[in-house]
1. Sort Lys261, Lys319 from largest to smallest accessible area, using a 1.4 Å probe on the heavy atoms of the protein chains.
2. Counting heavy atoms of the protein chains only and a 1.4 Å probe, report the per residue accessible area for the chain as a whole number of Å².
3. Based on the Kirkwood radius over alpha-carbon pairs, what is the Stokes-Einstein translational diffusion coefficient of the chain at 20 °C with 1.002 mPa s viscosity, in µm²/s?
4. Write down the percent of antiparallel bridges among all DSSP beta bridges whose residues are both part of segment 42-190, to the nearest 5.
5. So what does the Cα-only Debye profile of segment 276-389 read at q = 0.15 Å⁻¹, as log10 I(q)/I(0), no solvent term?
6. Would you pull out the residues with amide H under 5 Å of Val154's amide H, same chain only if 5 or more places away, H placed 1.01 Å from N?
7. Can you give the accessible area of Leu114, probe radius 1.4 Å, in Å² rounded to 10?
8. At 222 nm, what helix-only mean residue ellipticity would the chain give, in deg cm²/dmol to the nearest 500, using -39500 (n - 2.57) for each DSSP H run of four or more?
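The values are calculated or read from the model by the stated rules, or taken from the named source; none is laboratory data. The structure displayed is predicted, hence computed values, not measured ones. All Cβ positions, even for glycine, are placed from backbone atoms using ideal geometry, and neighbour counts span all protein chains on display. Just the protein is used for accessible areas: all its heavy atoms, side chains included, with ligands, DNA and RNA removed. Shrake-Rupley method; radii C 1.70, N 1.55, O 1.52, S 1.80 Å.
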Amino acid sequence: MVSDVIKAYDIRGLVEEQLDAAFVRDVGAAFAQLLIGEAGGPPANGIVVGHDMRDSSPDLAAAFAEGVTGQGVDVTQIGLASTDELYYASGALDAPGAMFTASHNPARYNGIKLCRAGASPVGQDTGLDEIAALLDQGPGAAAGAQPAPTPGSVRDQDVLEDYAAYLRGLVDLSGLRPMSLVVDAANGMAGHTVPAVLGPLPIEVHPLYFELDGSFPNHEANPLDPDNLVDLQREVSTLTRVDAGLAFDGDADRVFLVDEKGQAVSPSAITALVASRELAKEPGGTVIHNLITSRAVPEIITEAGGTPVRSRVGHSFIKATMAQTGAIFGGEHSAHYYFRDFFRADSGMLAALHVLAALGEQDKPLSELMAQYSRYAASGEVNSTVDEPQAKIAEVEQLYGDREDVTTDTLDGLTVTFGNGDWFNLRPSNTEPLLRLNVEASDQDAVAALRDEVLAVVRR
């Protein structure tokens, strides 16, 4: 069913079972029709299409292009690309875009991330529902509804070097000292983009799994799972004089860091560091943080003279809030980092450049540099499989809602905040029958006690 693959932020499903060439061709036609209807004609600069290294991606991207050109809309194929490279192309070419990737999902999945010109996101409330309505008319309906008398054209354009230069131009790298990094590409698209971006810099890169392989033979391309950081941590700890380790997800739009000791660096701390750097360039600016980032983030934004704005989880919500507020930067607990000067799009590579610039312009190791941005203890995301997520959320809210020292809100799931500043958020997954719990408190003992108290309700 169409509703099974069209999610809140993108299109994603099992190859052949849910996503095949015919379905994707219809998606291309439906997206073209959506854009034609909005503009009163084909988008002037066509649609730019990129894809990751999964075996299914080139054929699906080609099928999508057939659907688009069948509606009389031109296509620019940029070929192998990271998701943020596709966003760059959408911004630089002023064209809507489609990126074929399933990000960190296993090899049997694929998906499509859509955006309007300038990398403006297409989500459930901003176009995906209309596309779903066209697809619900049945196989071939979207492609055959309004065939164009003259098909659109397809051309190829390589944007990798331009993308790399653009990123480097957004960060002051003039004070960068020589450094040594271990980079784990997880056989994903960072193996394609890291050499282009970091190659001209005084950085020695020790590559892990740079070979593009959509079967992910070494480990999953999901650095949010600590198991997938083990190889990187071991390599950093084994080599001498390594300054940091970087781990990218499959489409390289997210980055995770480990310090020189091999210890994982919190994405909240990275959000706070980058926010501080951006606010130094533009004092008084607005910075977006999602509701699961550490409370240290809004504290540090305020201390740096900025205005913190809290958002729901998810790139379409973050980007929309950035557009509404004119925010200069935004960060999420999941290691998505958004930059106004990068078309309000997320780029793990650009966030990494900021961290490297901050590290390279002083002599302290990364562990000491990041200590000032880490103030509280956190549980990380704890997932529980439940049959009725909303019923469990209501049960937890009933348990805590009447306490005098507690405030609750339902911006995204349920957030419960205690008088001493400790808090937890419990929210349902958009794609699975899961509840996701995040807890933050003054120390690990308090985190464990609160985590266990909530899980006792969720899992009973």
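1. Numbers: Lys261 130, Lys319 5 Å².
Sorted descending by solvent-accessible area, the residues read Lys261, Lys319.
2. Details: 17830 Å² over 460 residues.
I get 39 Å² per residue for the chain.
3. Details: Rh = 22.7 Å.
Diffusion coefficient, whole number: 94 µm²/s.
4. Details: 6 of 18 bridges.
Restricted to segment 42-190, the bridges split so that about 35 percent are antiparallel.
5. With one equal scatterer per Cα and no solvent, log10 I(q)/I(0) is -0.69.
6. Val75
7. Leu114 has an accessible surface of roughly 10 Å² with all protein chains in place.
8. Values: 16 runs with 168 residues, N = 460.
Taking each H run of at least 4 residues, the total per residue is -11000 deg cm²/dmol.
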